[in-house]
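Asker: One structure, as structure tokens, below. Some questions next.
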Amino acid sequence: MSLWSRISNAVRGERLNREIEEELQSHIDEAIASGRDPKEAHRAFGSALRAREASHSIRAAGWLESLLADVSFGWRQLCRNKVTSFAAVLSLALGIGSCVAAFRLIDALLWRPLPISNSSNLYVLYRKMTGFEGKPVEDGHWATPDFKLMRDAVKDQADLIAISDADRTDITWSTDDDMEKAHVVYVSGNMFPLFGLEPALGRLLAPADDRAPGASAYAVLSWDYWNHRFGRDPHVLGRSLHIGDQTFQIIGAGPRDFTGTEKGTVTDIFLSLSMNSFANQDSIDWHLTFLMLKPGVNPATAVEPLRQHLSAVNRAFEAECSKCFRGATQTDIDRFLNQKLVFYPAGAGISELQKDYRRYLGVLCLLAALVLLIACANVANMMTAQAAARAQEMALRISIGAGRRRLVQLILVQSALLALLASVLGAFFAAWSGPFVLSLVNPPDNPARLALPADWRVLFFGFGLIILVVLLLGLLPALRASAVRPVAALKGGEDPHSPRRLMRGAIALQVAFCFLVLFLSSLFVASFQRLQNRPLGFSTDRLLLLETVAGKGQLPVVWNQTAEALRAVPGVNSVAISRWPLLGRIQINSDIFVNGAPPSPTPAFFLNVSPDWLSTMKIPLVSGRDFRPEDTSPGAAIVNETFVMTFFPGQDPIGRSFERGANQPLNKVVGVIPDVPYHDLREPTRAVFYVPFAEINDKSAPRVVDFATFTIHTAQNPLALAGSCRQLIAQSHNGLRVSNITTQLDLVRDRTIRERLIAMLAVFFAAVALLLAGIGLYAVLNYSVLQRRREIGIRMAIGSTRAGIVRIVTLDVFQMIALGGCAGVALGFVAARYVESLFYQVKATDADMIALPTCAMLLSALVATLPAVLRALRTDPTEILRSQ
């Protein structure tokens, strides 16, 4: 018979047996009808049972029948212990779902290749150098003229592609009222052809589009932007969009799957590299440079020669540019030129999100794996207890001819049922938790976007995880059950304490993993709390920030008049202006020259602010005065205390002067303020100086300002006034337009997003690990009391005290808890060494960091042991002795 027929017959076993019986009976009836004696006919066909079994084995796949029988038996076993089975399935579902969700995030951000041709041959160029503070830094941004020289130098072996960061840019479609923000990327014209991409509409940018500077005012929409903004309208071709004073014509839409090379950000609009004003400037590094090897070029032999060749070209370019450095010492120039060019694989894209969250995702993966291991140890304990209780059943199976393979299959099938049921629940949990975690990564105004498809990669990982879980759960109980000796088992077992020892070992392992999860979680939670509660030095209460742009720039007097108009809005207490807000995305530094001396190796950061900005931000003066309306820059300056210690150590800074760059006008210090965070809450205190918002040029004429931020202190919820303030600025017809609205409190919160995310996940995993460990302890103690019920009854009958009974019930388990706790501490110290850079003012050796997980573990153990202890103390020795 065919294989398919045998498989089909195995599924319909009862029906097949009836068909065989009917066929045998028909043959007997035919023999009787032909004149043979009925007894002789039956005797000729032999035993009906044997004939049926022989025919059944020929027509049906025996291995499948046995497997189906084991599945049916395993399901009945699960249904008999509903509470235990539900707890096991839920435990495994949390573990499996967490691991799959972690894999989806890590795969989408770090591993999944870009949907382009030859992604394995794509690299990104970075430079390693020594930073201003003497620390090694990496920079992946390049000047366009440098890029073109390197591109021409290696054109025979590789192609170089320029791609800028995806910046959120103001886009105007018809009027200033029809404005929105979109992620805009400038690319070299060879990107689309080299990536093997085809347009979904119109055409894409070509190499000819970036040959002449400013000549190719074309725009290509991404498929995602074309879909959600225009509903895939084909008539979008030929429409114009405006960025500042530039106008671009839409010539096409990109392919559906390609959203750019920056993982976590979906590009909306692609523009030609030559259309950016930075494209002709030697001194501005602003875009990434990718390298794609030509077809047929062997990466193993070509990468290093290419790296050396490009490094020589880049050094020659930078050496030529360094001749224009004003006031820089030869030491600074040599340090700048001491660069090392490196290639990094970029087939999976490149982004700041990858750098920021690579180690955090590693921690997430570790916590998820530990929770899964705790769940597996927990369920394996339950199955070990069940296997020990079924020892006599296994002995009987062996006695009637069951082979070892069949017994192993029986136990593994039950483990597989648990894993499959858990994987179904885990799949729903992973489908929800992956996008949920991603939603916590970025601010609401610029959320991270990643594709999280449930494709073959995720399914393959999930299938492998199920196999691993089945082996972890059932392999040891299956091997032990299949190795049972029938005679010894039927007499009570050779070593009745062996299962208990195995379970205690599993408890020690559970406790070690649980303590590790709790230990790391306490470190991350404490780190987040300390970072969140860090003293800022300024107020975040009711501060509305209106980030405003002026297309062609406006004089400071226009900005001041607008600020005065905002002060008249009901509910506004005060208004000040700064070029950008504290803890915003912008940070700019400058070399500082004091008394004609060479610049300090550490630069200072600066910010332009208006008078009353300090009072609006509630930043006190340490000494000196605030800016006055007549103050200009260069001229007056207010510095922080770190600036004083760096450039005027041991001196009174008031009245002293410094230059902001060589041969520049002097800035005179008029005030000193405390140190406040400038760009990042984690950063060490930086030297910062503040200059007046009104700047003048070398002819003492005021300079126009193209963007600034209105800082508004309100008497109520700041966002409640956002609409009226924005409308007032738009109706003033002064060339100003609000580009973004936020609050100072939101900016502070945005700087703790990573720490908040890992702290939330750590608390979740710690709670799950603690719950699973408690369930495991309860299961072991409950099984131990049931197995030792006779011993406990006898001890109580001969006068053992209640304290003695408690001791014999809990002593072994608490010894395992102590052993597992010590192992967990050791593992925690090792793990903390690899993630200590993620902590803020927290050390693994801090006493409270060790005390918190210890107390939590002990409390969980006490709660878990209480039911078992009460069960033991309620044992009736009379009933035990009578039954024996």
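Asker: Just to check your reading of the model, which residue among VAL672, VAL639, VAL644 is of a type in the set (A, V, I, L, M, F, W, C) and touching a Leu at 6+ places or on another chain (Cβ under 8 Å)?
Answerer: Details: VAL639 fails: touching a Leu at 6+ places or on another chain (Cβ under 8 Å); VAL644 fails: touching a Leu at 6+ places or on another chain (Cβ under 8 Å).
Among VAL672, VAL639, VAL644, only VAL672 is of a type in the set (A, V, I, L, M, F, W, C) and touching a Leu at 6+ places or on another chain (Cβ under 8 Å).
Asker: Also, quick follow-up: Looking only at the range 398-451, filter to residues that are open to solvent by less than 30 Å² (accessible area, probe 1.4 Å) and closer than 23 Å to THR265 by Cα; which one of those is modelled with the lowest pLDDT?
Answerer: That would be PRO443.
Asker: Let me ask something else. Which of the residues that make up the range 107-126 are open to solvent by 10 Å² or more (accessible area, probe 1.4 Å), in a helix (DSSP H, G or I) and under 30 Å from PHE765 (Cβ atoms)?
Answerer: LEU110, TRP111
Listed here are the residues, each with its yes/no results for (1) of a type outside the set (Phe, Trp, Tyr); (2) closer than 25 Å to PRO629 by Cα; (3) touching a Phe, Trp or Tyr at 6+ places or on another chain (Cβ under 8 Å).
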site	(1), (2), (3)
GLN510	yes, no, no
PHE538	no, yes, no
GLU547	yes, yes, yes
ALA568	yes, yes, no
PRO581	yes, yes, no
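Asker: Considering the range 836-864 alone, what residues qualify as being open to solvent by 20 Å² or more (accessible area, probe 1.4 Å), under 19 Å from LEU364 (Cβ atoms), in a helix (DSSP H, G or I) and in contact (Cβ under 8 Å) with a residue 24 or more places away in the chain?
Answerer: If the condition is that a residue be open to solvent by 20 Å² or more (accessible area, probe 1.4 Å), under 19 Å from LEU364 (Cβ atoms), in a helix (DSSP H, G or I) and in contact (Cβ under 8 Å) with a residue 24 or more places away in the chain, then SER837 is the only one that fits.
Asker: Could you check SER574 against (1) in contact (Cβ under 8 Å) with a residue 24 or more places away in the chain; (2) within 28 Å of the chain's Cα centre (by Cα) and say which number it fails?
Answerer: (2)
Asker: Then there is this: Considering only the range 768-805, state which residues are exposed (fewer than 15 other Cβ atoms within 10 Å of the Cβ) and within 46 Å of the chain's Cα centre (by Cα).
Answerer: The answer is LEU786, and nothing else.
Asker: Separate question: Every residue in the range 276-313 that is touching a helix residue (DSSP H, G or I) at 6+ places or on another chain (Cβ under 6 Å) and open to solvent by less than 20 Å² (accessible area, probe 1.4 Å), please.
Answerer: ALA279, THR289, MET292, LEU293, LEU310 - these are the residues of the range 276-313 that are touching a helix residue (DSSP H, G or I) at 6+ places or on another chain (Cβ under 6 Å) and open to solvent by less than 20 Å² (accessible area, probe 1.4 Å).
Asker: Got a number for residues in the range 140-157 being open to solvent by less than 40 Å² (accessible area, probe 1.4 Å) and either in contact with a Pro (Cβ under 9 Å, 6 or more places away or on another chain) or outside any helix (DSSP H, G or I) (or both)? Give the derivation first.
Answerer: So in the range 140-157, the residues open to solvent by less than 40 Å² (accessible area, probe 1.4 Å) come out as 140, 142-147, 150, 153-154.
Still in the list and also either in contact with a Pro (Cβ under 9 Å, 6 or more places away or on another chain) or outside any helix (DSSP H, G or I) (or both): 140, 142-143, 154.
So the answer is 4.
Asker: What about THR289, is it in a strand (DSSP E or B), among the β-branched types (Val, Ile, Thr) and closer than 28 Å to LEU341 by Cβ?
Answerer: Yes, satisfied.
Asker: Looking for whichever is touching a Phe, Trp or Tyr at 6+ places or on another chain (Cβ under 7 Å) and either closer than 18 Å to ASN560 by Cα or in a loop (DSSP other than H, G, I, E, B) (or both) here; the options are VAL639, VAL691. Which one fits?
Answerer: Numbers: VAL639 fails: either closer than 18 Å to ASN560 by Cα or in a loop (DSSP other than H, G, I, E, B) (or both).
Selected residue: VAL691, the only one of VAL639, VAL691 that is touching a Phe, Trp or Tyr at 6+ places or on another chain (Cβ under 7 Å) and either closer than 18 Å to ASN560 by Cα or in a loop (DSSP other than H, G, I, E, B) (or both).
Asker: Quick one: ALA773 ticks every box in (1) in contact with a Ser or Thr (Cβ under 7 Å, 6 or more places away or on another chain); (2) under 25 Å from PRO535 (Cα atoms); (3) not β-branched (Val, Ile, Thr) bar one, so which box is it?
Answerer: The number of the failed condition is (2).
Asker: Still on this structure, please answer the following. Is it true that ILE350 is among the β-branched types (Val, Ile, Thr), in a helix (DSSP H, G or I), surrounded by 14 or more Cβ atoms within 10 Å (Cβ to Cβ) and modelled with pLDDT of 70 or more?
Answerer: Values: among the β-branched types (Val, Ile, Thr): yes; in a helix (DSSP H, G or I): no; surrounded by 14 or more Cβ atoms within 10 Å (Cβ to Cβ): yes; modelled with pLDDT of 70 or more: yes.
When the stated conditions are applied, ILE350 does not pass them.
Asker: Show the residue pairs meeting these rules: Cβ distance below 9 Å; 6+ apart or different chains; first residue within the range 208-236 and crowded, with 18+ Cβ neighbours inside 10 Å; second residue in a helix (DSSP H, G or I) and of a type in the set (Ser, Thr, Tyr).
Answerer: Partner pairs satisfying both residue conditions: ASP209/SER274; ASP210/SER274; SER216/SER274.
Asker: Still on this structure, please answer the following. Of the numbered conditions (1) outside any loop (DSSP other than H, G, I, E, B); (2) touching a strand residue (DSSP E or B) at 6+ places or on another chain (Cβ under 6 Å), PRO599 fails exactly one; give the number of that condition.
Answerer: (1)
Asker: Please indicate, with yes or no, whether at least one residue in the range 196-205 is closer than 30 Å to GLU304 by Cβ, open to solvent by 10 Å² or more (accessible area, probe 1.4 Å) and assigned to a helix (DSSP H, G or I).
Answerer: No, there is no match, as no residue in the range 196-205 is closer than 30 Å to GLU304 by Cβ, open to solvent by 10 Å² or more (accessible area, probe 1.4 Å) and assigned to a helix (DSSP H, G or I).
Asker: Separate question: Restrict the check to the range 804-821 and report whether at least one residue is assigned to a helix (DSSP H, G or I) and under 30 Å from ASN533 (Cβ atoms).
Answerer: yes
Asker: Let me ask you something else. Listed residues GLY296, GLY264; which is over 27 Å from GLY202 (Cα atoms) and modelled with pLDDT under 90?
Answerer: On the way: GLY264 fails: over 27 Å from GLY202 (Cα atoms).
After ruling out the rest, the residue left standing is GLY296.
Asker: Also, I was wondering about something else. Could you grab the pairs with beta carbons closer than 8 Å, sequence gap of 6+ or different chains, first residue in the range 711-736 and within 17 Å of LEU543 (Cβ to Cβ) and in contact (Cβ under 8 Å) with a residue 40 or more places away in the chain, second one in a helix (DSSP H, G or I) and aromatic (Phe, Trp, Tyr)?
Answerer: That search, which allows pairs on different chains as well, returns THR711/TRP613.
Asker: Now a separate question. Does any residue of the range 241-251 turn out to be in contact (Cβ under 8 Å) with a residue 12 or more places away in the chain and closer than 21 Å to LEU114 by Cα? Reasoning before the result, please.
Answerer: Restricting attention to the range 241-251, the residues satisfying the condition of being in contact (Cβ under 8 Å) with a residue 12 or more places away in the chain are 241-251.
After this cut, where a residue has to be closer than 21 Å to LEU114 by Cα as well, the list is none.
Taking every residue of the range 241-251 in turn, none turns out to be in contact (Cβ under 8 Å) with a residue 12 or more places away in the chain and closer than 21 Å to LEU114 by Cα.
Asker: Are there any pairs with C-beta distances below 6 angstrom linking a residue in the range 756-777 that is under 22 Å from TYR360 (Cα atoms) to a residue that is at pLDDT below 85, with the two at least 6 apart or on different chains, and if so which?
Answerer: Sorted first by the residue in the range 756-777, then by its partner, the pairs are LEU757/LEU440.
Asker: Same structure again: Kindly evaluate GLY650 against the criterion of being part of a loop (DSSP other than H, G, I, E, B), small (Gly, Ala, Ser) and more than 13 Å from ILE592 (Cα to Cα).
Answerer: Spelling it out, GLY650 is indeed part of a loop (DSSP other than H, G, I, E, B), small (Gly, Ala, Ser) and more than 13 Å from ILE592 (Cα to Cα).
Asker: Which condition number does ILE712 fail, the rest of (1) aliphatic (A, V, I, L, M); (2) surrounded by 19 or more Cβ atoms within 10 Å (Cβ to Cβ); (3) over 18 Å from the mean Cα position of the chain (by Cα); (4) in a helix (DSSP H, G or I) being met?
Answerer: Here ILE712 clears every test but (4).
Asker: Quick check on the range 549-570. Is at least one of its residues of a type in the set (Phe, Trp, Tyr), at negative phi and surrounded by 21 or more Cβ atoms within 10 Å (Cβ to Cβ)?
Answerer: Yes: one or more hits.
Asker: Next up: Return the residue satisfying two criteria in turn: it lies in the range 593-614 and is over 42 Å from the mean Cα position of the chain (by Cα) and of a type in the set (A, V, I, L, M, F, W, C), and of such residues it is surrounded by the most Cβ atoms within 10 Å (Cβ to Cβ).
Answerer: PHE593
Asker: Any residue at all in the range 168-189 that is over 29 Å from the mean Cα position of the chain (by Cα), surrounded by 17 or more Cβ atoms within 10 Å (Cβ to Cβ) and under 27 Å from LYS294 (Cβ atoms)?
Answerer: yes
The values are calculated or read from the model by the stated rules, or taken from the named source; none is laboratory data. Note that this is a predicted model, so its numbers are computed, not measured. Ideal geometry is used to build each Cβ from the backbone, glycine not excepted, and the neighbour counts take in all protein chains shown. These accessible areas exclude ligands, DNA and RNA; they are computed on the full protein's heavy atoms, side chains included. Shrake-Rupley method; radii C 1.70, N 1.55, O 1.52, S 1.80 Å.
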